[in-house]
1. Given the criterion in contact with a Leu (Cβ under 6 Å, 6 or more places away or on another chain), surrounded by 17 or more Cβ atoms within 10 Å (Cβ to Cβ) and under 28 Å from LEU143 (Cα atoms), identify the matching residue among LEU22, LEU26, LEU36, LEU59.
2. LEU22: under 27 Å from GLY165 (Cα atoms) and at pLDDT below 95, yes or no?
3. When only residues in the stretch 65-98 that are in contact with an Asp or Glu (Cβ under 7 Å, 6 or more places away or on another chain) and under 25 Å from GLU21 (Cβ atoms) count, which is surrounded by the most Cβ atoms within 10 Å (Cβ to Cβ)?
4. Tell me which residues, restricted to the stretch 133-147, are part of a loop (DSSP other than H, G, I, E, B) and either over 15 Å from CYS9 (Cα atoms) or of a type in the set (A, V, I, L, M, F, W, C) (or both).
5. Being among the hydroxyl-bearing types (Ser, Thr, Tyr) and under 25 Å from LEU143 (Cβ atoms) is the requirement here; does SER65 meet it?
6. For the stretch 53-95, which positions are among the polar types (S, T, N, Q) and in a loop (DSSP other than H, G, I, E, B)?
7. Looking at the structure I just gave you, is VAL98 in a strand (DSSP E or B), under 18 Å from GLY43 (Cβ atoms), modelled with pLDDT of 95 or more and touching a Phe, Trp or Tyr at 6+ places or on another chain (Cβ under 8 Å)?
8. Among the candidates THR101, THR180, single out the residue that is on the phi > 0 side of the Ramachandran plot and under 14 Å from the mean Cα position of the chain (by Cα).
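The values are calculated or read from the model by the stated rules, or taken from the named source; none is laboratory data. Predicted model only: the values in this text are computed from it and were never measured. As a convention, Cβ positions derive from the backbone with ideal geometry for all residues, glycine included, and neighbour counts pool all protein chains shown.
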Amino acid sequence: MNLLHRKLCSSGKWADYVAEELPRRLEGFELGDNVLELGPGFGATTSVLAELAPKLTSLEIDDASVAHLRAKFGDRVTVVHGDGARMPFEDNTFSAVVCFTMLHHVPTTALQDAIFAEAHRVLRPGGIIRATDSQLSFWFRLLHIGDTMNVLDVSTLPDRLARAGFAEVEIEHVPKQIVTFSAVKSG
């Protein structure tokens, strides 16, 4: 992340927005007893999820963010340093996998697809993936100058999730703003 992006995502204003918005994005979804969060960054989403999930594990690739999250959440959240494209978890472990506003930081579509496949692998049968991510706009592009920005292509997302093994794919899309999606691991 570039400096401007880091300042925004670590701000109290962003944390307040997430605290208000995230519960709405999760309405109607049963996360179950053991939730995996991918790419928590500064932990704004983690703060909300820690109140909703009986057991929460957060997987973060950035060393500094891992240290920050461990200090912030202590034993309330299990923070694991690792890569979402090669998750260090057993098959069929989690009741839900969630990720919020992080997939555009994954540099290639192939790595995003590897994350989808790994999410499917670590989910229990009947488990869900629930995610949101920003869509391309002028302001979003400005925020990412000198930063990784690989926006999800909504038109290919259903097929990509199906190739990872998911069923019951649902997508909500507001062009130039946000895409929200969910899918279920059959079985």
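1. Answer to the check: LEU59.
2. Answer is yes for this residue.
3. Per the criteria, the residue is VAL98.
4. Restricting attention to the stretch 133-147, the residues satisfying the condition of being part of a loop (DSSP other than H, G, I, E, B) are 135-137, 144-147.
Correct list: GLN135, LEU136, SER137, ILE145, GLY146.
5. Spelling it out, SER65 is indeed among the hydroxyl-bearing types (Ser, Thr, Tyr) and under 25 Å from LEU143 (Cβ atoms).
6. ASN92, THR93
7. Working: in a strand (DSSP E or B): yes; under 18 Å from GLY43 (Cβ atoms): yes; modelled with pLDDT of 95 or more: yes; touching a Phe, Trp or Tyr at 6+ places or on another chain (Cβ under 8 Å): no.
Spelling it out, it is not the case that VAL98 is in a strand (DSSP E or B), under 18 Å from GLY43 (Cβ atoms), modelled with pLDDT of 95 or more and touching a Phe, Trp or Tyr at 6+ places or on another chain (Cβ under 8 Å).
8. The unique qualifying residue is THR101.
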